[in-house]
Structures are given as structure tokens and as C-alpha cells.
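Okay, structure first, notes after.
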Amino acid sequence: ATPSATPTSSIPKSPQSGVVVILAVNYQGTDALSEADEFVELRNNGETLVAIQGWTIRHRQGLSRVALPPMTLLAGQTCRIFTAPPAPVGNCGQITFGNYQNLWPNDSDTLQLLDAASLLVSEFAYP
């Protein structure tokens with residue numbers, strides 16, 4: 001799936017909008033019950049590190065939010081955040097949402113990455 005070219009949201013944009021982006025979403029995990037291998041991939045397109053403490057992803061037509069684990073994205077770094085442990089160890093370590101049931105609907109959804117002030121950073125629609 002590719003991110004929507006123009007955010008369709010009326011949420012005000014964050015100063016980090018376009019700097020940190022949702023690059024990909026694996027929304028169909030292989031384990032039917034927990035889908036632990038679901039992930040969201042974030043990329044820092046900026047030239048400096050970005051702390052994402054207090055950030056969330058809003059989904060299910062805005063009805064649900066999930067908190068991102070506290071982390072810092074280095075300049076140019078891409079990280080996958082998996083739904084549940086045990087997660088593969090990637091270039092950002094073993095990072096999960098710590099949720100033991102699927103987060104992302106298997107048909108379609110729009111994920112909205114929000115900063116700590118609930119301003120829109122990135123939006124990703126699938127499929």
C-alpha cells in the first residue's frame with residue numbers, strides 16, 4: 001500500500017509533518033489470532049533525530065488510538081514497530097506495541113500518526 005499523497009484529514013499539521021512518515025504497514029499478519037507480525041514502518045526523512053515520546057496512531061476511522069513506544073528516530077532511520085512480542089530484531093531493536101491481538105483491520109483503514117500535541121505528522125491509507 002502507498003501513503004495517500006495528500007492528507008485528507010482536517011487535523012492541523014505538526015511541525016514534523018513530512019519529516020517523519022508512515023512508510024509501510026503490514027496489516028495482514030500470519031497468525032490469525034494475534035497477528036503479532038503486523039507492523040508499522042516509520043521513517044525519519046529529516047536531518048536531525050526526532051523523539052516520538054507521547055505520539056500515537058489513530059485508526060479505525062478515528063475511533064481507536066494506539067500509543068507508540070517511546071523511542072528516538074535518528075536522521076534517515078527507518079524502524080518497524082510490530083504489534084506484539086516476540087518481534088524480530090531490526091535496525092532499531094526489538095520494538096512492539098505490546099498488544100496481543102491484531103491492531104490493523106485486514107480490509108482497509110487510514111492510519112494517522114499524531115505527535116504529542118495530537119497534530120498530524122503523517123497519514124497512510126491502505127489497501
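The values are calculated or read from the model by the stated rules, or taken from the named source; none is laboratory data. Computed from a prediction, not measured in an experiment: that's the story for all the values here. Using ideal geometry, Cβ is built from the backbone for each residue, glycine included, and neighbour counts are taken over all protein chains shown. Protein only, heavy atoms only, side chains kept; ligands, DNA and RNA dropped before computing areas. Shrake-Rupley method; radii C 1.70, N 1.55, O 1.52, S 1.80 Å.
So, of the residues in the stretch 69-78 that are in a strand (DSSP E or B) and in contact (Cβ under 8 Å) with a residue 24 or more places away in the chain, which turns out to be most open to solvent (accessible area, probe 1.4 Å)?
Thr78
Would you say Leu113 is part of a strand (DSSP E or B) and within 28 Å of Ser10 (Cα to Cα)?
For Leu113, the condition - part of a strand (DSSP E or B) and within 28 Å of Ser10 (Cα to Cα) - is met.
How many residues are in contact with an Asp or Glu (Cβ under 9 Å, 6 or more places away or on another chain) and either closer than 15 Å to Phe97 by Cβ or basic (Lys, Arg) (or both) if we restrict to the stretch 8-30?
The qualifying residues number 5.
Before we move on, is Val66 in a strand (DSSP E or B), in contact (Cβ under 8 Å) with a residue 60 or more places away in the chain and open to solvent by less than 20 Å² (accessible area, probe 1.4 Å)?
no
Just give me the residues in the stretch 41-57 being under 11 Å from Leu113 (Cα atoms) and open to solvent by less than 20 Å² (accessible area, probe 1.4 Å), in sequence order.
Answer for the stretch 41-57, where residues must be under 11 Å from Leu113 (Cα atoms) and open to solvent by less than 20 Å² (accessible area, probe 1.4 Å): Leu42, Ile52, Trp55, Ile57.
Select from the stretch 23-40 the residues that are closer than 20 Å to Val89 by Cα and either open to solvent by 30 Å² or more (accessible area, probe 1.4 Å) or assigned to a loop (DSSP other than H, G, I, E, B) (or both) and list them in ascending order.
Leu23, Asn26, Tyr27, Gln28, Gly29, Thr30, Asp31, Ser34, Glu35, Ala36, Asp37, Glu38
Out of curiosity, is Val121 surrounded by 13 or more Cβ atoms within 10 Å (Cβ to Cβ), among the hydrophobic types (A, V, I, L, M, F, W, C), touching a Leu at 6+ places or on another chain (Cβ under 6 Å) and within 18 Å of Val20 (Cβ to Cβ)?
yes
Among the listed residues Gln61, Gln53, identify the single one that is assigned to a loop (DSSP other than H, G, I, E, B), under 19 Å from Val19 (Cβ atoms) and not small (Gly, Ala, Ser).
Just a single option satisfies the conditions, and that option is Gln53.
For the stretch 82-109, name all the residues that are part of a strand (DSSP E or B) and out of contact with any Ser or Thr (no Cβ under 7 Å at 6 or more places or on another chain).
Gly90, Gly93, Asp109
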